[in-house]
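Undergrad: After the structure tokens below, expect a handful of questions from me.
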């Protein structure tokens with residue numbers, strides 16, 4: 001459910017540093033000519049009236065073709081060099097036609113017949129799922145999973161197809177959290193290496209599912225909103241519902257996006273994105289998962305950079321989305337509620353705070369973490385709420401920081417017991433407690449009504 005609340009804020013510049021990457025893709029004049037040649041061949045192939053939908057499907061693929069690229073697999077595997085190659089340099093009209101024919105076969109399966117043409121193009125038609133090297137995978141995957149078609153009947157659901165595929169993939173694919181192929185891997189490459197990270201598994205499973213007429217997608221959070229690390233998963237559309245799963249380990253409906261492992265702490269999603277063929281990048285689908293709100297922040301100085309919204313990853317502020325400038329305002333769409341954000345401006349690789357950290361609470365009220373002149377005493381019992389190892393331990397050394405456009409130390413202490421006491425701490429400020437002796441699990445928080453409130 002999407003809940004929109006427009007909020008306009010006024011800012012003065014602050015400063016903070018962050019690292020970011022930018023990727024730009026383009027096509028040469030030669031590639032444009034190649035695409036034009038492919039288009040001529042596909043229009044000739046699908047010129048008959050009964051092939052009008054296939055021609056529209058070809059138009060869809062061609063519309064996004066200039067954005068498609070991959071790393072040269074030979075260079076990648078031989079030397080680790082990431083040499084970018086445009087897909088039009090390695091595919092032809094026959095390749096796309098084969099992809100179209102098999103996609104239409106999938107669309108004609110009983111559980112796929114109600115899929116709209118728009119969703120067919122988005123979720124069944126693409127010949128690739130990310131930035132992997134193009135493979136001739138359609139025929140091989142169709143034949144490999146022919147047993148699914150023999151087992152299924154008119155009443156089989158997409159979720160049931162997914163459960164069968166998951167069970168089959170578990171027999172040969174292993175997830176290793178610390179390992180992944182150096183770039184996105186196609187299905188045939190995944191069959192070769194037989195292992196990958198959660199991200200690799202989420203991408204790989206789309207091949208058999210889409211080949212079998214299941215509208216499955218790869219969604220992810222670039223950074224958790226209240227802890228370190230990112231997360232990716234799959235989801236499928238069934239009867240108008242979006243059902244998530246973590247392939248191949250967790251079947252549809254059994255995956256809890258908010259938790260990892262034992263799930264002691266609720267994981268918050270600040271933004272959710274989906275791999276998208278047309279842009280060769282990602283689209284924002286946050287509002288499909290959680291309540292959101294839009295905000296606008298006024299920028300008074302003339303110098304502009306890229307407007308970004310950041311979250312804290314236990315050590316640094318990390319960008320999770322970009323905003324747009326309109327009439328002197330930085331506008332941010334579909335921000336999650338209940339997550340602490342830092343609005344920022346990035347220019348020439350450096351970022352500075354655009355305004356104070358803020359959170360849009362679940363009731364839609366805006367809460368701003370701005371230190372006040374009034375001071376109070378805080379008594380701290382933990383640096384993170386995940387487990388007992390993050391409590392305060394006598395003899396260990398701690399340092400408390402307050403956010404004032406950057407982190408400002410309020411002093412170091414050696415713990416005498418299981419509670420740390422700091423005096424003259426600004427009321428309303430965002431705080432961060434660090435253990436200087438051990439551990440990396442640390443979270444930002446406020447101190448309200450005698451207790452720590454974690455973000």
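The values are calculated or read from the model by the stated rules, or taken from the named source; none is laboratory data. Predicted model, so just to flag it, every value in this text is computed and none were measured. Counting neighbours? That spans all protein chains shown, and the Cβs are built from the backbone with ideal geometry, glycine included.
Undergrad: Do any strands (runs of 3 or more DSSP E) entirely within the range 207-259 hold 1 or more residues that are out of contact with any strand residue (DSSP E or B) (no Cβ under 7 Å at 6 or more places or on another chain) and more than 25 Å from residue 454 (Cβ to Cβ), and if so, which?
TA: Once the strands (runs of 3 or more DSSP E) in the range 207-259 are filtered for at least 1 residues that are out of contact with any strand residue (DSSP E or B) (no Cβ under 7 Å at 6 or more places or on another chain) and more than 25 Å from residue 454 (Cβ to Cβ), what remains is 231-238, 241-245.
Undergrad: Could I ask something else about it? Sort out which residues of the range 260-318 are touching a helix residue (DSSP H, G or I) at 6+ places or on another chain (Cβ under 9 Å) and either assigned to a strand (DSSP E or B) or modelled with pLDDT of 90 or more (or both), and write them in order of number.
TA: 269, 270, 271, 272, 273, 274, 275, 276, 277, 278, 292 - these are the residues of the range 260-318 that are touching a helix residue (DSSP H, G or I) at 6+ places or on another chain (Cβ under 9 Å) and either assigned to a strand (DSSP E or B) or modelled with pLDDT of 90 or more (or both).
Undergrad: So, residue 343, is that one in contact (Cβ under 8 Å) with a residue 24 or more places away in the chain, in a loop (DSSP other than H, G, I, E, B), under 25 Å from residue 289 (Cβ atoms) and within 27 Å of the chain's Cα centre (by Cα) or not?
TA: no
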